[in-house]
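The values are calculated or read from the model by the stated rules, or taken from the named source; none is laboratory data. Everything numeric in this text was worked out from a predicted model, so none of it was measured. Counting neighbours? That spans all protein chains shown, and the Cβs are built from the backbone with ideal geometry, glycine included.
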Amino acid sequence: MNYFDQINSHKYIYLGGIEEDLNNTLRIVIREAGVNLEAQAVSVGDLTVSAQGIESTVDSHAYEIYFDSYIGYSVIDESYAAPSDSEIFVGKIYCIYEKSAYLDYLSNASCACEGYPGHFKHYGFNCLNHVVDIASTDDPTIKMLA
């Protein structure tokens, strides 16, 4: 199984970290998450319900996604993410877009185009709490951390 399929086989992922350096490289860490089978009592006002949390554990898979260069990236709170029916992509958690609102944004907000720097792609990671979008001319290097 390749990393694209492996990451997309997970039900949930969390963003574990994101960092860049002075050379415009980008490193993202994502962690598999699952439902905690132990229910906990949660009180909301006068009502108490039983709920199961979603969490990463020491047994969860973790991945480092590294881009040698990028045109732009964005992190948005998942509560504010607005998917569009006009987007064309493959994947569910790790997505590669052919057409997207993020690519449209970059064409309006930057000078990035087919002529400069050349063909580039939009990579998306739909994490719990965060949606991460990256545009790059290079495919990422992915390695398993755990």
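Candidates Phe89, Phe120: the one that is within 25 Å of Asn2 (Cβ to Cβ) and in contact (Cβ under 8 Å) with a residue 40 or more places away in the chain is Phe120. The stretch 1-52 holds strands (runs of 3 or more DSSP E) entirely within its bounds, and those carrying 2 or more residues that are surrounded by 11 or more Cβ atoms within 10 Å (Cβ to Cβ) map to 12-20, 26-35. Residues that are more than 19 Å from Tyr12 (Cα to Cα) and aliphatic (A, V, I, L, M) within the stretch 105-146 comprise Leu106, Ala109, Ala112, Ile134, Ala135, listed in sequence order. Restricting to the stretch 109-146, and then to whatever is of a type in the set (A, V, I, L, M) and part of a loop (DSSP other than H, G, I, E, B), can you tell me which residue is modelled with the lowest pLDDT? Applying the filter and picking the extreme gives Ala146.
Evaluate the stretch 43-50: report whether one residue or more is under 26 Å from Ala146 (Cβ atoms) and hydrophobic (A, V, I, L, M, F, W, C). So far as the stretch 43-50 goes, no, none of its residues is under 26 Å from Ala146 (Cβ atoms) and hydrophobic (A, V, I, L, M, F, W, C).
Among the residues making up the stretch 1-30, those that are touching a strand residue (DSSP E or B) at 6+ places or on another chain (Cβ under 8 Å), of a type in the set (A, V, I, L, M) and either within 15 Å of Ile93 (Cα to Cα) or modelled with pLDDT under 95 (or both) are Ile7, Ile13, Leu15, Ile28, Val29, Ile30. For Ser69, are the conditions met, namely being part of a helix (DSSP H, G or I) and small (Gly, Ala, Ser)? For Ser69, the condition - part of a helix (DSSP H, G or I) and small (Gly, Ala, Ser) - is not met. A search for C-beta distances below 6 Å between a residue of the stretch 56-71 that is surrounded by fewer than 19 Cβ atoms within 10 Å (Cβ to Cβ) and any residue that is in a strand (DSSP E or B) and among the acidic types (Asp, Glu), counting only pairs 6+ apart in sequence or on different chains, returns Ser60/Glu32; His61/Glu32. For the residues Ile88, Ile54, Ile96, the requirement of being closer than 30 Å to Ala146 by Cβ and at pLDDT 95 or above singles out Ile96. Listed conditions (1) within 16 Å of the chain's Cα centre (by Cα); (2) closer than 30 Å to Leu22 by Cβ; (3) free of Cβ contacts under 8 Å to residues at least 60 places away in the same chain; (4) not in a strand (DSSP E or B) are all met by Cys95, apart from (4). Residue pairs whose Cβ atoms lie under 8 Å apart, sitting 6 or more positions apart in sequence or on different chains, and linking a residue in the stretch 6-23 that is without any contact (Cβ under 8 Å) to a residue 12 or more places away in the chain to a partner that is loosely packed, with under 12 Cβ neighbours inside 10 Å, are Ser9/Met1.
Of the listed requirements (1) of a type in the set (A, V, I, L, M); (2) under 26 Å from Arg31 (Cα atoms); (3) out of contact with any helix residue (DSSP H, G or I) (no Cβ under 8 Å at 6 or more places or on another chain); (4) outside any strand (DSSP E or B), Leu106 misses just one: (2).
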